[in-house]
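A short worksheet on the structure shown next.
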Amino acid sequence: MTQPFPWSDPLLARLRAHLAGEPFPRDAAHDLGHILRVARLAQALAEAEHAEVDICVAAALLHDLVYRPKNHPESPRTAQLAAELVPQWCRETPGLEAKAEAIAAAVASHSWSGGLVPTSLEAAVVQDADRLEALGAIGIARVFATGASFGAGLWHSEDPWAASRELDDKRWSLDHFERKLLKLAAGMKTAAGRRLAEGRQRTLLAYLEALRAELAGDHG
């Protein structure tokens, strides 16, 4: 984070201890680095959108409080499970007690798989920040790291672009671009999020164009 808050150091210390004791080891796409990057994005978006910065940053730090591997049956519910824990965390963190409800609401609606629509500007900021992490160069790295964590292949060797088969991003990581990543930019809720997403979307498209050429045997 670029701006410290009175509650940030105690919250980060507790978060680190929490991550160290989780029942499931996190994949590289959902580690502490991801959480901190989302917090920085949330702060930048909040400042640009004149949202309450502390709510956005605290929610970003707590948005992945519950982790389940992507092939775990509870994976689609992690945002809700995290939101259920957030009020207690806020009550036990001086400076966040009065903002527990707003922070929990932002956590609850951030995830793609949860399908909830943000009901506040702060929730929209946190959702956009998390989705920006799935775009651009970092997003490319994260999609393949996630797939590798549960044994997905890079792409279907005979039909990488799913011309004659159904998309299946549980088996092939490349399919996740079409299933989700390429749809994220159009769904940004804030103007600042849309601006950042445009550049990161171009990075995704340039990567896919280069990959398509290489897979087609273009050695130029």
Check your understanding: Which loop chymotrypsin sites (Phe, Trp or Tyr not before Pro) in the stretch 119-172, with loop taken from DSSP, have no more than 16 other Cβ atoms within 10 angstrom of their Cβ?
Key -> F150
Practice item. May I have the pair-distance distribution P(r) for the stretch 1-61, computed from all Cα-Cα distances with 10 Å bins from 0 and rounded to whole percent? Key: 22, 50, 24, 4
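Based on the Cα coordinates of the stretch 121-220, what is the per residue volume of their convex hull in Å³? Intermediate results must be reported in sequence, preceding the final value.
Numbers: hull volume 10.4 nm³, N = 100.
Here the figure is 104 Å³ per residue.
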Check your understanding: Using r as the Cβ-Cβ distance of A213 and E178, and R0 as 30 Å, what FRET efficiency do you calculate, to the nearest 0.05?
Key -> 0.95
Revision key, fill the gap. P(r) of the chain over all Cα-Cα pairs, 10 Å bins starting at 0, rounded to whole percent, reads 8, 33, 35, 17, 6, 1
Point to revise | Helix axis angle, 78-91 relative to the chain longest principal axis, alpha carbon, degrees | key: 20 degrees
**Study point:** At R0 = 25 Å, FRET efficiency that the Cβ-Cβ distance of R91 and A186 yields, to 0.05
**Key:** 0.10
Review point. Given the Cα-Cα distance of S157 and L116 and 0.36 nm per residue of separation, how much length would full extension add, in nm?
Key: 11.2 nm
Practice item. Relative to the longest principal axis of the C-alpha atoms of the chain, give the angle of the C-alpha long axis of helix 136-149, reported between 0 and 90° and rounded to the nearest 10°. Key: 80 degrees
Check your understanding: Based only on the alpha carbon positions, what is the Kirkwood hydrodynamic radius of the stretch 66-191, in angstrom?
Key -> 16.0 Å
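Helix-derived [θ] at 222 nm for the chain: sum -39500 (n - 2.57) over DSSP H runs of at least 4, divide by residue count, nearest 500?
On the way: 8 runs with 115 residues, N = 220.
So the calculated ellipticity at 222 nm is -17000 deg cm²/dmol.
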Revision key, fill the gap. Computed over the chain: longest principal axis from alpha-carbon atoms vs helix 191-215 long axis, angle to nearest 10 degrees, is 30 degrees
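Tell me, what is the FRET efficiency for A48 and A98 to the nearest 0.05, using R0 = 25 angstrom and their Cβ-Cβ distance as r?
Working: r = 24 Å, r/R0 = 0.98.
FRET efficiency, A48 to A98: 0.55.
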Point to revise | Unit Cα scatterers, Debye sum, the stretch 53-110: log10 I(q)/I(0) for q = 0.20, 0.22, 0.28 Å⁻¹ | key: -0.63, -0.73, -1.06
Point to revise | Leading residue at positive end of dipole, the stretch 1-122 (Cβ point charges), from L36, F24, A13 | key: F24
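In the stretch 86-181, what GluC sites (Glu not before Pro) fall in a loop by DSSP, with at most 14 other Cβ atoms inside 10 Å? Show your work: numbers first, answer last.
Numbers: sites: E92, E97, E101, E122, E133, E158, E166, E178; in loops: E92, E133, E158, E166.
Counting only loop positions with at most 14 other Cβ atoms within 10 Å, the GluC sites (Glu not before Pro) in the stretch 86-181 are E92, E158, E166.
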Check your understanding: To the nearest whole percent, what portion of all C-alpha pairs in the stretch 17-102 is separated by more than 20 angstrom?
Key -> 37 percent
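The numbers here are math on the coordinates, done by the rules we state, and not lab data. Given the structure is predicted, the values throughout are model-derived calculations rather than measurements. Glycine also receives a Cβ, built like all others from the backbone with ideal geometry; neighbour counts cover every protein chain displayed.
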